[in-house]
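The values are calculated or read from the model by the stated rules, or taken from the named source; none is laboratory data. Values in this document were obtained by computation on a predicted structure and should not be read as measured data. Please note: Cβ atoms are built from the backbone with ideal geometry, for glycine as well, and neighbour counts cover all protein chains shown. Note: areas computed on protein heavy atoms with side chains; ligands, DNA, RNA excluded. Shrake-Rupley method; radii C 1.70, N 1.55, O 1.52, S 1.80 Å.
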Amino acid sequence: MTQQAEQQEKLEFKTELKQLLHIITHSLYSNREIFLRELVSNASDAMNKLKYDSLEHEDKLEGDKTWKIKLIPDAEKKTLTICDNGIGMSRETIVDQLGTIARSGTKAFLEQLKQQQASERPALIGQFGVGFYSAFMVADQVTVRSRLAGEPKDQGVEWVSDGQGEYTVQTIEREKRGTEIVLHLKDDALEFLTEHTLRDLVRRYSNFLEHPIVMDVEKSTEDGGTEIVEETLNSRDAIWLRSRSQVKDEEYTEFYRQLTHNQDEPTCIIHYSAEGVQEFKVLLFIPTHRPFDLKFGEPKLGPRLYIQRVLIMENCEELLPPYLRFVRGVVDSSDLPLNISRELLQQNRRLEHMQKDLVKEILKELRGLKEDDYEKYVAFFRELGVILKEGVSNDYANRDTIADLLLFESIKTEEGCYTTLEQYVEAMPEEQKEIYYISGESKSLLARSPHLEAYREKGYDVLLLTDPVDEFVVNGLREYKEKPLKAADQGEQSSEEETIPDEAKELFRGLIDTLKEKIPEVSDVRLTMRLRESACCLVSPEGAMTANMERLMRQMGETSNFAPRRILELNPQHQVMVQLLELHDQKNDDPRIETYARLLYDQAVLSEGSSIQDPVALARRINELIVRDTQGQPKAQSPAPSFTPGSTEKPS
Ligand code: ADP
């Protein structure tokens, strides 16, 4: 027996590891590319450990101060080798670490796995990773050769396994310190031998790792031949780890473009380093344009989460609330060791704390932009304000801060200009106690609404809300600086408005009763002093859904009769009302009263921007009026002439 054979041992994996390996080899395919990220991260960790160790024990470097991770694809042997010159492993470490599940993260992964359906497993593995064992997703045999830095050359170790339950270890000669992992690739995993796949994977997952990841590639030479050169595949430049003064504007822009695939410049760059209980680096961008795929409630967005420069999640939704989902960038939690990181998702407290901090910084940045570069802020708000607004109803803690970031059109703002709630309140006349708004489809339609007539006369401003989400904003906000928000087309007139004289009430009582009977669509008919030029308008009962909300619900496919019936308000000073009253006094069952009642109702519906139930009936009534109105005129007395249609054929 040779000495080596004596030292070769055949060992079994621990039970839970067997389960894990079974799952890995049998059911995880779609995410298997992450094996490279895992192995490269281990290599990088091993190098960092030695770097640290060598501060005190320089001899452990064995005279080699270079650091690199090398990928060696071998098409003939169907192997991919990942080599590092890190700290390496002793025989004990290998048995200890690679024969059991050493990491608490992997244990958590297994726990989760037990509770999940098989179909959800691939997503899980992306989030957790299973470290070294992920190698068995692509390889049917794995050989690890290693030697602990600073140990004699004959103290190397070789570990071999097919991932089926057993492994062998033996002591070997090994010249170089560090570890090489040889993956004998499965037949359906040969893509991981191609240069462009490896390049892609390194760029995607390990681009910003500080150590170079190199590979031999064929390059053409100037004289037309080819040569093999060692190329570094990762950019290594994690600009978020530098301080702001060390990053040039162009570098930010380039990184932003690479990250978002946008071609524009970011509106804001938020770059800082959080210190204290938790330490993390942040580089966030507020884009200039609204991403085309950013829809209402779009879920899968969030900054990239890195742990020590290694990409853990492409979109970490947990890091930002949905109303800031347009913010892109990177969060690098550098104080956590990689193996804790995989559990991070479950430790929501940590993420919550980070989220709070990010939100605070983003809102501060936006406030600064609004104060320092208002035009740029307006441009931002036009694109992304509609998403930011959601925060008013979703983020209670920051509601007032977000409210101050909102821009509104109003009956007093010029075309293309805006007011803020603060400006609105400042400009309120002393006797005005409420903030008025009216919501609907377009500014021009709203601005003509009969409801606004009295507000205009008093010099009150009214906010014009045209985004569907505005309904949720005003409902979420309710008041600003102790001034309640109130829909101009809703409820009782405010106490400060003129009250209706008793005399008028008495005078109109009979007509109102008749109109109630003729217009079953409304819940009530009453007089109002809020109108000037218009004869009538519709209002919602106090606290009920506004007309705009009702339209939105219908657009969203709501068909049930959910909306409360409206109230028809009449302007007692309008000529139409005066004459209608006279007609009613003379003959309260005059058939014209019904026609006029219908016309009044239809015009009230149209003027608030809603559509009427029966436009044909409206047209018929208007035509009747025209005919009646022109009957006294000489020409109108002749009977309607009959025309025969003309021929469209050309004369021959
Ligand atoms: P993790 O890296 O999260 O600890 P792994 O299962 O990937 O979990 O690795 C288990 C252990 O094996 C590591 O903690 C480390 O001690 C050791 N190891 C793995 N790869 C290497 C390597 N390339 N160099 C040195 N040690 C390694």
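Here are some notes:
- Qualifying residue in the stretch 577-596 (condition: farther than 14 Å from Leu515 by Cα, in contact (Cβ under 8 Å) with a residue 12 or more places away in the chain and either of a type outside the set (D, E, K, R) or touching a helix residue (DSSP H, G or I) at 6+ places or on another chain (Cβ under 6 Å) (or both)): no
- The set of residues in the stretch 561-601 that are among the charged types (D, E, K, R), closer than 13 Å to Glu521 by Cα and assigned to a helix (DSSP H, G or I) contains only Arg598.
- Selected residue [of a type in the set (Asp, Glu), under 22 Å from Asp45 (Cβ atoms) and at pLDDT 85 or above] from Glu173, Glu151: Glu151
- The residues listed here are Glu175, Glu158, Glu180; of these, the one that is of a type in the set (Asp, Glu), without any contact (Cβ under 8 Å) to a residue 40 or more places away in the chain and assigned to a strand (DSSP E or B) is Glu158.
- Matching residues, the stretch 72-92, being in a strand (DSSP E or B) and more than 13 Å from the ligand (Cβ to nearest atom): Ile72, Pro73, Asp74, Thr79, Leu80
- For the stretch 36-70, a tally of residues being more than 13 Å from the ligand (Cβ to nearest atom) and more than 18 Å from Leu148 (Cα to Cα) returns 0.
- The residues of the stretch 220-255 that are over 40 Å from the mean Cα position of the chain (by Cα) and without any contact (Cβ under 8 Å) to a residue 12 or more places away in the chain, listed by number, are Ser220, Thr221, Glu222, Asp223, Gly224, Gly225, Thr226, Glu227.
- Filtered residues of the stretch 363-397 (kept if in contact (Cβ under 8 Å) with a residue 40 or more places away in the chain, touching a Phe, Trp or Tyr at 6+ places or on another chain (Cβ under 7 Å) and open to solvent by 10 Å² or more (accessible area, probe 1.4 Å)): Leu369, Val378, Glu390, Ser393, Asn394, Asp395
- Any chance Thr194 is more than 30 Å from Ser161 (Cβ to Cβ) and in contact with a strand residue (DSSP E or B) (Cβ under 9 Å, 6 or more places away or on another chain): no
- Taking the criterion of being surrounded by 15 or more Cβ atoms within 10 Å (Cβ to Cβ) and of a type in the set (A, V, I, L, M), the residues of the stretch 239-292 that qualify are Ile239, Leu241, Val247, Leu259, Ile269, Ile270, Ala274, Val282, Leu283, Leu284, Ile286.
- Tally, over the stretch 400-417, of residues that are open to solvent by 30 Å² or more (accessible area, probe 1.4 Å) and touching a Ser or Thr at 6+ places or on another chain (Cβ under 8 Å): 3
- Leading residue by the ranking (nearest to Asn85 (Cα to Cα)) among those in the stretch 143-159 that are open to solvent by 10 Å² or more (accessible area, probe 1.4 Å) and within 15 Å of the ligand (Cβ to nearest atom): Leu148
Rundown of residues vs (1) touching a Ser or Thr at 6+ places or on another chain (Cβ under 7 Å); (2) open to solvent by less than 10 Å² (accessible area, probe 1.4 Å), yes/no style:
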position	(1), (2)
Ile438	yes, yes
Ser442	yes, no
Glu453	yes, no
Pro468	no, no
Glu471	yes, yes
Arg478	no, no
Glu482	no, no
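- The number of residues in the stretch 17-47 being open to solvent by 70 Å² or more (accessible area, probe 1.4 Å) and in a helix (DSSP H, G or I) comes to 4.
- The residue that is nearest to Phe255 (Cα to Cα), among those in the stretch 191-226 that are modelled with pLDDT of 90 or more and in contact with a Lys or Arg (Cβ under 6 Å, 6 or more places away or on another chain), is Pro212.
- Just so you know, in the stretch 48-85 the residues that are closer than 19 Å to Val202 by Cα and crowded, with 21+ Cβ neighbours inside 10 Å include one that is farthest from the chain's Cα centre (by Cα), and it is Asn85.
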